[in-house]
Amino acid sequence: MCDWNLGPMCDPEQIPKAAEADLEGIQVSLGRTPDDIVLRDPSVRARYLELGRQHRITFHSVALGLLNGNPLAEQPRAAVWLIDAIEVAAALGAGNVLMAFFGDGDLRFRGEGGAFVDESQSGFASFRLDEAKVTSVVETLEQVVPRARDAGVILGLENTISAAQNLEIIERVGSEWLQVYYDVGNSTGYGYDVPGELRLLGNDRICEVHLKDWNTRLLGSEEGTVDMAAAAAALNDIGYDKWLVLETSGREDRFLEDTRRNVAWARQTFQTA
């Protein structure tokens, strides 16, 4: 589960709560704000490791949500945070760093009035990219990927663009240490063909998967808009064998009840597809 869904971000004292909710792992944020990069502190990392061992919780990835408001394409300090995140991931035993490209960090081109330009020729979305931003990101990643490789940490692209466009970025950077951090809820909401994209990417180019639905906090419920069964079938077809990460807290004041339910549902749906 993402730490922002578990409780306060960057707080190792939430680990017992995760174990109580039947979770096996936590995605840990690097920091709360640009002036509060909590996980730089070795004592905080040590506390994570101590409580993780005690409660049998794994730290599978480090999240860089800070990039949403401080784009990697535009701000030099964002590259410093990315290097920080690689170091933190290595210290926690995490295999992945999530690089977020939403909000100010969106890689889509904005046309007149600030609207994104959908150039789709089919029933699924196909947005025009902001080539200047994409090129800036590629150039930064070309410099940082060797550090990730040496640390044994994969960099994951989580964004608003299509799987095919992400593959183009990966090809330009030219490294297997850059992959896609796929979110079935986001990709459904942006109008993409989720099962088709998962099959296009394949197991080797997906580092982790976020599970959520914009329309409900109870995964798989009738109110949901994500075709979870189709996503599970696609992941099964490609032999996906990595983390499934809940990005939902359940209903208000029902965290434990709903998270246990979501965990059980995800295990049943995705491990038996």
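Throughout, read-outs are computed from the coordinates displayed, never taken from laboratory work. None of these values were measured; they are calculated from a predicted model. Here the Cβ is made from the backbone with ideal geometry for all residues, glycine too, and neighbour counts use every protein chain on show.
Take the Cβ-Cβ distance between R267 and E13 as r, set R0 to 22 Å, and report the resulting FRET efficiency rounded to the nearest 0.05. Intermediate values should be presented prior to the final figure.
Values: r = 26 Å, r/R0 = 1.19.
The computed FRET efficiency comes out at 0.25.
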Fill in the blank from the handout: Once amide hydrogens are built 1.01 Å from N within the peptide plane, the residues lying 5 or more places from H210 or on another chain with amide H under 5 Å from its amide H are Y182, D183, V184, V245
Exercise for the section: Find how much the distance from T225 to R53 grows on full extension, using 0.36 nm per residue of separation minus their present alpha carbon separation; answer in nm with one decimal. Expected result: 58.2 nm
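Are there trypsin sites (Lys or Arg not before Pro) in segment 109-190 that DSSP puts in a loop and that have at most 11 other Cβ atoms within 10 Å, and which ones? Write down the numbers at each step before the final one.
Values: sites: R110, R128, K133, R147, R149, R172; in loops: R128.
Those that pass, being in a loop and sparsely packed, number zero.
For each of R40, R53, count neighbouring Cβ atoms within 10 Å of the residue's Cβ, then give the residues from fewest to most. Walk me through the numbers before you get to the answer.
Working: R40 14, R53 10.
Ascending Cβ contact count within 10 Å gives the list R53, R40.
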Fill in the blank from the handout: What helix-only [θ] at 222 nm does the chain give? Using -39500 (n - 2.57) per DSSP H run of at least 4, over all residues, to the nearest 500, the answer is -13000 deg cm²/dmol
Exercise for the section: Give me the distance in nm between label points sitting 7 Å out from Cα along the Cα-to-Cβ direction at T135 and A115, one decimal. Expected result: 2.8
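Stokes-Einstein at 37 °C, 0.692 mPa s, Kirkwood radius from Cα pairs: D for segment 186-241 in µm² s⁻¹? Write out the running numbers ahead of the final one.
On the way: Rh = 11.7 Å.
Estimated via Stokes-Einstein, D reaches 281 µm²/s.
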Exercise for the section: Calculate, for R149 and W4, the FRET efficiency according to 1/(1 + (r/R0)^6) with r their C-beta to C-beta distance and R0 30 Å; round to the nearest 0.05. Expected result: 0.60
Practice task
Please figure out what share of the DSSP beta bridges in the chain is antiparallel and state it in percent, rounded to the nearest 5.
Solution key: 15
Fill in the blank from the handout: For L98, L218, ascending order of other Cβ atoms within 10 Å (fewest first) is L218, L98
Exercise for the section: Per residue of segment 179-196, in order, report the coupling 6.51 cos²θ - 1.76 cosθ + 1.60 (Karplus, θ = phi - 60°) as ³J(HN,Hα) in whole Hz, putting x for Gly and Pro. Expected result: 9, 9, 9, 8, 10, 5, x, 4, 5, 5, x, 7, x, 9, 7, 4, x, x
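Quick one: work out Rg over Rh on the C-alpha atoms of segment 127-273, Rh as Kirkwood radius. It would help to have the intermediate numbers written out before the result.
Numbers: Rg = 16.2 Å, Rh = 16.2 Å.
Rounded to two decimals, Rg/Rh equals 1.00.
I need the GluC sites (Glu not before Pro) found in segment 45-101, filtered to DSSP loop residues with at most 15 other beta carbons within 10 Å of theirs. Kindly include the intermediate steps, with their values, before the conclusion.
Details: sites: E50, E74, E87; in loops: E74.
Those satisfying the criteria are E74.
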Handout entry: For S162, residues with placed amide H under 5 Å, excluding near neighbours
Key = F127
Exercise for the section: Note the listed values (1) 20.1; (2) 26.5; (3) 18.9, then indicate which one is Kirkwood radius over Cα pairs in Å calculated from this particular structure. Expected result: (3)
